[in-house]
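To start, the structure under review is shown below, and the notes come after it.
The values are calculated or read from the model by the stated rules, or taken from the named source; none is laboratory data. Model, not experiment: these values are computed from the prediction. So basically every Cβ, Gly included, is an ideal-geometry build from the backbone, and we count neighbours across all protein chains shown.
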Ligand code: SF4
Ligand code: SF4
C-alpha cells in the first residue's frame, strides 16, 4: 500500500512528501479498510450462521429481509442501535462502559497481521503469530471487567467461566501452534503461508515437488493432530458450542453480557463474531495454506513485486482475487464447521471442559511437539546436527520416514490418551450414578 | 437394542462403557446433522420422512385449519330468514372466564316483554382467551369459534366487537366446520324456528340484513297497493318471492291459507255467496271470504302457489282495499272453486293481523266446507 501511495504522491504528483507521511497515509488507508471489513464480516457471519443452523434443524432461517434474507443483519443492526442503553445503578459505571471497548479493540488489532492474499498483509511482522495470540488473550480482561462491573451474579459467574476457559484453552492452542512453528522455523504468518506451497508435500521439505499451492500442513501427521487440537481450542476461545459455557443461556442468562443492552451488547456480539472469523481465518492460514491454492503462486510470480518489478499489474489483481477467494472459501468453510458442531453437540459442563482441556488436549499437543521435533530432525537436520545417518537419504525418503514415524507416534498417543480419558470419564459417570442412587434411593 | 423384561420390551442404549471410544460417537453425531443439512434443500411434504424442511412459509402458504380449531367466537345467523340464532340467554356471558361477553336482551317495544333475541352483543376480543367455553355452553348453537386468526391491529378499541361485527352466516360456518355444524344442525334449526315465532318485527334479525328486509317489505307493500287486483298473477312481483316468503308471519299466513284452500277445494261446488253469508259477524272475515270468491270469479285458479305469497301487502289499508275490490268482483261471481293463493296474497304484513285474518279465513273456509258437505 505504501508503494502505491508513494508512487501516486511523489512520482505522479511530484510533491516529494517525507517517508513518514507516506507511511502514515498508507496505514490509515489500510486501517480504514479493515475497520470497514470487520463489522461487515460480523454482519455476514450472523446471517450465515443463522441460515446454516436453520438448515441443520430442517428449517429455512431468516429469508424475509431482502433476497434470501440478505439485509437481515442490517435490520438487526438498526434495531440494536435504537435500543435503550441501560446501566445498572449498582454497576461500576466506568468499567462497565469501557469493557466492551476492551473486548472489541483486540479483535481489531488481530487484523493487523492477517494476510488476505499474496502480498496483501497490513503488517508483515516477524512475530505475527505470537502477536496474534497475545492480543487475542487481552479480550479476557475485557470480559472480566464486564462481568465484574455489572455487579450481577450471572455476569460474574459468566466472566469467571470465560476467563477460566480462555486461559486453559490458550495452552493447547499455543502448544499445537508450537509444533507448526518448529517445522517452519518462523513466527511470521506470511512465512507460514509461503511454506505451504507444493502438492501434498511442501516444497520446502522436498524441493522437487511441483508448487500447486497445496502443500498444506494438514497433510502431515503433525499438522493434522495440531489442527484437531487447535480447532477444538479455537471453539473454546471463540466461545462456540459445545464450549459456550460462559454464556450458557439456560444456566446464567447471557453470562458476562447479562447487564448489557443496546449497542454495548452489540459490541460484545461484534467482538465475538469477529473473533470467530479470525479464528477460522487463522486456522485456514496455519493448516490449510491461507491464500495458497492452485494458480495463485504462478500468478503472483508474474506480478509486480519487490522481487519482480517488471511484472504486469493484471497479475497482481488476478493473484489477489484468486488468493482472497481461496482464503475466504476456507475461512467460511471453517465457520460452517463451527456451525455444524453447534448443530450437533450439546454444551459441556465446566468440569468436563477442564478435564478435556487439561487431561486430553494438553498431553496430546505435547506429544505432537515431540513429533514435530522428529519431523524437523528427519527432514532438515544433517551431520552437523548429529544426524549423520539421514544424510544419504533422498529428500523424498526423508520425508516418507518422517511421515511414518510421526504418524505412528501421534496415532499411538491419540489412542492411548483416548482410552485413558474414556476410562476416567466412565469412572466419573459411575461415581455420579452411585451418588444419584444414594440420593434418590432408587436402583 | 431392545431387551425383553417381564413388563415388556425395553430399549437399552449401548453406551459402550469401558470400551475404547476414539471419537466415533462424535463423528456419528456430525453425520446425523450433515444428513439433515443436506436433506434440507428439499421440501418435506410427507411427515413420515425425517429429512427435508417442514417450514410453511406463512404469509404465502397456509396450513388448512382443522374444523375444531378455535380462535375467536362469532355469532351465527340463518342465511334464509336472516334471523340470529342467539336468544340472549346469558349462558355464554356467565361462563366466560375473563368476562368479556356483554349482552343486552331484546324487549318487545309494545309489550315490554323479553323477546328471545339480543339487541346488543359485545365481545372484547382483546381479552378473550379463546377458551371456547362460550361456544360449548351455548344451548342454541349460536356462538361458534371462528378460524380467522389475523386480528392484529394498532388500535386496541377496534377489538371490541359489536353484534354487527360478530355476525356470520351459517353458510360461512359450514364452510369452515361442516362436520361440526352437521352434528348440531337439526336441533339448532328447530330451536331457531321456536325463537322466530316469538320475535316481533325485525327483532332478532342480523343487523346487516335488518334494513334490507325492512325496505323490501315496504317495497312489496307498495307494489301490492299499486296493483292489488292483478297482484295474484302479476309476473314482476314473482321474483321477489324468495326474499320475503320466509318471514314468520307470512309463513303462518301461508299455512292458514293452505288449510283454508284445502277445505275450500273440498267445497268446490259451493256457491260464492255462501262463505260471505256464513261470516256476517266479522267484517274482516267477510272481506277475506269475498276475496276468495273474487279470485274464484276471476278464474285465475291455476296460478302458481308461491307467487301470491310473495305479494303479501305490508299495509293493512292496502289489504283492505284489495279485499274490498275483490269482494266487489266476487259479488258478480256465480260459482267458482276457491283457490288458496288469494287468501295468502292479501294477508296483512302485521303479524297479529295476519294471524287473525288467517285464522278467520280458515274458520270461514271450514264453515264453507261444512256447508258444502252438508249441501
Ligand atoms: S372463548 Fe372463552 S374467553 Fe373468549 S368469549 Fe368465549 S368464553 Fe369468553
Ligand atoms: S350466544 Fe348462545 S349462550 Fe350466548 S346468549 Fe346467545 S344463545 Fe345464549
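Summary table
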| item | result |
| --- | --- |
| Only listed residue being in contact (Cβ under 8 Å) with a residue 40 or more places away in the chain, surrounded by 24 or more Cβ atoms within 10 Å (Cβ to Cβ) and within 30 Å of residue A:100 (Cβ to Cβ), chosen from A:179, A:164, A:159 | A:159 |
| Complete set of residues in segment B:119-156 that are near ligand 1 (Cβ under 8 Å from one of its atoms), in contact (Cβ under 8 Å) with a residue 60 or more places away in the chain and closer than 16 Å to residue B:90 by Cβ | B:134, B:135, B:143 |
| Enumeration of residues in segment B:97-129 that are within 8 Å of ligand 2 (Cβ to nearest atom) and at pLDDT 90 or above | B:101, B:103, B:121 |
| Qualifying position, being over 30 Å from residue B:36 (Cα atoms) and buried (at least 18 other Cβ atoms within 10 Å of the Cβ), among A:29, A:22 | A:22 |
| Condition met for residue B:11 (surrounded by 14 or more Cβ atoms within 10 Å (Cβ to Cβ) and more than 10 Å from chain A (Cβ to nearest Cβ)) | no |
| Residue A:368 vs. criteria within 14 Å of another protein chain (Cβ to nearest Cβ), touching a helix residue (DSSP H, G or I) at 6+ places or on another chain (Cβ under 6 Å) and closer than 30 Å to residue A:208 by Cα | no |
| Matching entry among A:99, A:23, A:38, A:75 (being more than 22 Å from residue A:269 (Cα to Cα) and either modelled with pLDDT of 85 or more or away from chain B (no Cβ under 14 Å) (or both)) | A:23 |
| Helices (runs of 4 or more DSSP H) lying entirely in segment A:234-333 (those with 1 or more residues that are more than 26 Å from residue A:110 (Cα to Cα)) | A:249-252, A:296-302 |
| Residues satisfying the stated conditions in segment B:96-121, i.e. under 22 Å from the mean Cα position of the chain (by Cα) and surrounded by fewer than 18 Cβ atoms within 10 Å (Cβ to Cβ) | B:104, B:105, B:107, B:108, B:114, B:119, B:120 |
| Any chance residue B:144 is at pLDDT below 90, away from chain A (no Cβ under 14 Å) and within 16 Å of ligand 2 (Cβ to nearest atom) | no |
| Check on residue B:87, surrounded by 14 or more Cβ atoms within 10 Å (Cβ to Cβ) and at pLDDT below 85 | no |
| Per-region count, segment B:95-106, residues in contact (Cβ under 8 Å) with a residue 24 or more places away in the chain and either within 10 Å of ligand 1 (Cβ to nearest atom) or not assigned by TED's automatic domain parsing to the domain that holds residue B:119 (or both) | 6 |
| Tally, over segment A:135-162, of residues that are under 18 Å from the mean Cα position of the chain (by Cα) and under 16 Å from residue A:236 (Cα atoms) | 6 |
| Filter result (more than 16 Å from ligand 1 (Cβ to nearest atom) and under 20 Å from residue B:160 (Cβ atoms)) within segment B:78-94 | B:84 |
| Some residue of segment B:52-73 being within 14 Å of ligand 1 (Cβ to nearest atom), away from chain A (no Cβ under 14 Å) and outside any loop (DSSP other than H, G, I, E, B) | yes |
| Residues located in segment B:37-50, provided they are surrounded by fewer than 16 Cβ atoms within 10 Å (Cβ to Cβ) and at pLDDT 80 or above | B:38, B:41, B:42, B:43 |
| Qualifying residue in segment B:84-96 (condition: more than 12 Å from ligand 2 (Cβ to nearest atom), out of contact with any helix residue (DSSP H, G or I) (no Cβ under 7 Å at 6 or more places or on another chain) and at negative phi) | no |
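Here's the yes/no breakdown for (1) within 30 Å of residue A:203 (Cα to Cα); (2) within 14 Å of another protein chain (Cβ to nearest Cβ); (3) surrounded by fewer than 17 Cβ atoms within 10 Å (Cβ to Cβ); (4) touching a residue at least 24 places away in the same chain (Cβ under 8 Å):
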{"site": "A:347", "(1), (2), (3), (4)": "no, yes, no, yes"}
{"site": "A:386", "(1), (2), (3), (4)": "yes, no, yes, no"}
{"site": "A:392", "(1), (2), (3), (4)": "yes, no, yes, no"}
{"site": "A:404", "(1), (2), (3), (4)": "yes, no, yes, no"}
{"site": "A:414", "(1), (2), (3), (4)": "yes, yes, no, yes"}
